Amino acid sequence: MSNLKGKVAIVTGAGRHKGLGEAMAKRLAADGAKVVIHDIGVVKGDIAPSHGVGQKAELDQIVDEIKAAGGDAAGFTGDVLVEKDVAALVDFTVKSFGRVDILVNNAGIGYLFGPLIDMTQEHWDAVLGVNLRGCFFGTKHAAKQMIKQGNGGRIINIASQAAKSGFAQAAAYSASKHGLVGLTRAAAMELAAHKITVNAICPNHVTTGLGAWQNDFMSKAQNKSVDQYLADMRARIPLGRPGLVDDIAKACSFLCSDQADYITAEAMNVSGGEEYH
Ligand SMILES: NC(=O)c1ccc[n+]([C@@H]2O[C@H](COP(=O)([O-])OP(=O)(O)OC[C@H]3O[C@@H](n4cnc5c(N)ncnc54)[C@H](O)[C@@H]3O)[C@@H](O)[C@H]2O)c1
């Protein structure tokens, strides 16, 4: 466990059960941080469909679960595509808990997959918009607040194995996650003077709600059953299993702790050895 007592964290896209955001937020709360659970909270057509996004009631439940476990949390809904929503998230956090020490940019679209020759501009823009521009907005507004506070900070970007390798049927997703590693490195260079570290985590596959959708989509695209698709995945992962939400939560907790003071501009693989570049 890391000691994050007295720290205040924001985790975006954390309002869905089984998600990486939920697991990271609960872990940071268990480590002692006060946590703002953020998510979009509503369905918005096919770029934020009901199978892909966290609804307000689910977000409220996650806040209640953290409080019931003895942690401190508050919920906020907003769209990371909209800069004023992201600025309002930072303002809400400061009003609720007095400061911002940690931002986890986790909200992402991983469900607009398909052949690139059929991909529409609308879908391309949505994926790049949420996965990359949204993280830029978060970094910008959280860093402003952290610089004002003068005690440094931590920014963690949830990238992907698709930030290091290309994946068929996922051109926009892979491009957005590669871009997120670029944003991580550039922001780390610029914010180091303020003792703000910026790192990315690159998970391989985790069967979250989104991960389950991807299993279904990719197994159909490869003409296999989901069971066969998962068996093939296990066979190529040196540690013999896909990731678990706790694997990512532990890495996040470490990067937020004092143990990681001298680590910045990294894109850390948490992939059981499947990705090592
Ligand atoms: N599950 C995996 O295998 C895996 C692997 C690598 C990376 N990731 C990344 O991890 C992150 C979390 O994914 P997850 O698998 O936990 O899925 P998830 O669906 O639980 O989390 C994604 C969250 O992003 C939110 N979101 C989407 N559009 C938004 C918007 N416009 N504004 C605000 N929030 C929005 C969704 O509501 C959802 O709660 C994503 O960035 C994803 O790309 C996941």
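A few points about this structure:
- Protection proxy ranking, peptides 180-188, 90-98, average beta carbon neighbours within 10 Å, highest first: 180-188, 90-98
- Cα principal axis extents for the range 150-249, largest first, Å: 53, 27, 24
- Whether the range 1-150 is rounded, prolate or oblate, judged on the alpha carbon gyration tensor where a/c under 1.5 counts as rounded: prolate
- Residue-normalised accessible area of the range 8-270, expressed per residue, 1.4 Å probe, Å²: 42
- Cα centroid separation, the range 181-203 to the range 77-110 (Å): 17
- Counting Lys and Arg as +1 and Asp and Glu as -1 over every other residue whose Cβ lies under 11 Å from the Cβ of residue 75, the net charge comes to -2.
- Of the solvent-accessible surface of the chain, computed with a 1.4 Å probe and all protein chains present, 55% belongs to carbon and sulfur.
- Cα gyration tensor category, rounded, prolate or oblate, for the range 76-220 with a/c compared to 1.5: prolate
- Per-residue SASA remark: residue 83, around 60 Å² accessible (1.4 Å probe; ligands, DNA and RNA not included).
- Amide H contacts of residue 75 (H built 1.01 Å from N, under 5 Å, at least 5 apart or other chain): 37
- Amide H contacts of residue 104 (H built 1.01 Å from N, under 5 Å, at least 5 apart or other chain): 10, 11, 12, 156
- Mean shadow area of the range 73-145, taken as a quarter of the surface of its Cα convex hull (nm²): 5.2
- Helix 20-30 and the longest principal axis of the Cα set of the chain meet at an angle near 30°.
- Percent of alpha-carbon pairs separated by more than 26 Å within the chain: 37
- Area of residue 27 that stays accessible when all protein chains are in place (1.4 Å probe, Å², to 10): 60
- Taking the centroid of alpha carbons for each part, the range 42-72 and the range 12-33 are 11 Å apart.
- Under-5 Å amide H pairs with residue 198, H placed in peptide plane, nonlocal only: 155, 265
The values are calculated or read from the model by the stated rules, or taken from the named source; none is laboratory data. All values derive from a computational prediction rather than experimental measurement. No Cβ is skipped: glycine too gets one built from the backbone with ideal geometry, and neighbour counts run over all protein chains shown. Calculation scope for accessible area: heavy atoms of the full protein, side chains included, ligands and nucleic acids excluded. Shrake-Rupley method; radii C 1.70, N 1.55, O 1.52, S 1.80 Å.
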